[in-house]
Amino acid sequence: PAWPTKLTSRDHMSRVRCLAFSDDGSQLACGCTDGKIRVWHVRWGEQKALDGHWPGEPVIAVAFSSDGSLLASASADHTIKIWNIENFQHQRQQHC
C-alpha cells in the first residue's frame with residue numbers, strides 16, 4: 001500500500017515502546033510509555049487511542065491477529081489485553 005511518509009500524534013508526549021503493522025498494512029499500532037495504545041489507519045492518518053492498561057506502566061508489546069480484527073497488547077502492569085479493532089473495545093484480559 002501507499003503509506004504516508006510520516007504519521008504524527010500531537011495529543012501525547014510519551015515515548016513509543018513497540019510497533020506492529022496489520023498483515024494487510026492498513027493499520028499501525030504503537031504501545032507507549034504512558035500505558036496507551038495508539039492505532040492509525042495508515043492511508044487516512046486517522047488515529048484512535050486505547051486506554052486500558054495502568055497509566056504510567058508502559059505497553060511493551062502489540063500484535064495484530066492474522067485477519068486484522070483483533071489487537072493484543074502486553075504491559076508492564078502484568079496484563080495482556082485483547083482489543084476488537086472494529087469498535088476499539090477491550091474484549092479479554094489475562095493477568096500474568
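The values are calculated or read from the model by the stated rules, or taken from the named source; none is laboratory data. This is a predicted model, so every value here is computed, not measured. In this analysis, Cβ positions are derived from the backbone assuming ideal geometry, glycine residues included, and neighbour counts consider all displayed protein chains. Only protein heavy atoms, including side chains, enter the accessible area calculation; ligands, DNA and RNA are left aside. Shrake-Rupley method; radii C 1.70, N 1.55, O 1.52, S 1.80 Å.
Summary table
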item: For the range 30-96, size of Cβ-based charge dipole, Lys and Arg +1, Asp and Glu -1, in debye; result: 80 debye
item: Net charge over other residues, Cβ less than 9 angstrom from the Cβ of Leu50 (K, R count +1; D, E count -1); result: +3
item: Per-residue ³J(HN,Hα) for the range 27-40, Karplus 6.51 cos²θ - 1.76 cosθ + 1.60, θ = phi - 60°, Hz, x for Gly and Pro; result: 10, 10, 10, 10, x, 10, 6, 8, x, 9, 10, 10, 10, 10
item: Under 16 Å from the Ile60 label point (7 Å along Cα→beta-carbon), backbone N, the range 13-37; result: 16-19, 31-36
item: Accessible area (Å², per residue) of the range 19-72, counting only protein heavy atoms and a probe of 1.4 Å; result: 49 Å²
item: Gln94 paired with Asp24, simple spin-label distance in nm, labels 7 Å along Cα-to-beta-carbon; result: 2.6 nm
item: Nonlocal amide H pairs with Leu50, under 5 Å, H built at 1.01 Å; result: Ile37, Arg38, Val39
item: Asp77 accessible area, assembled protein chains, probe 1.4 Å, Å²; result: 30 Å²
item: Solvent-accessible surface ranking, highest first, for Ile37, Ile60, Ile82 at 1.4 angstrom; result: Ile60, Ile82, Ile37
item: Mean separation of Cα contacts under 8 Å (6+ apart) over length of the chain, as relative contact order %; result: 20 percent
item: Per-residue HN-Hα couplings for the range 84-94 [Karplus 6.51, -1.76, 1.60; θ = phi - 60°; Hz; x = Gly/Pro]; result: 7, 6, 5, 10, 6, 9, 6, 9, 9, 9, 10
item: Residue range of the chain that is longest and free of trypsin sites (Lys or Arg not before Pro) which are both DSSP loop and sparsely packed (at most 16 other C-beta within 10 Å); result: 44-96
item: Of Thr79, His41, Gly56, farthest towards positive along the dipole that unit charges on Lys, Arg, Asp, Glu beta carbons give the range 27-88; result: His41
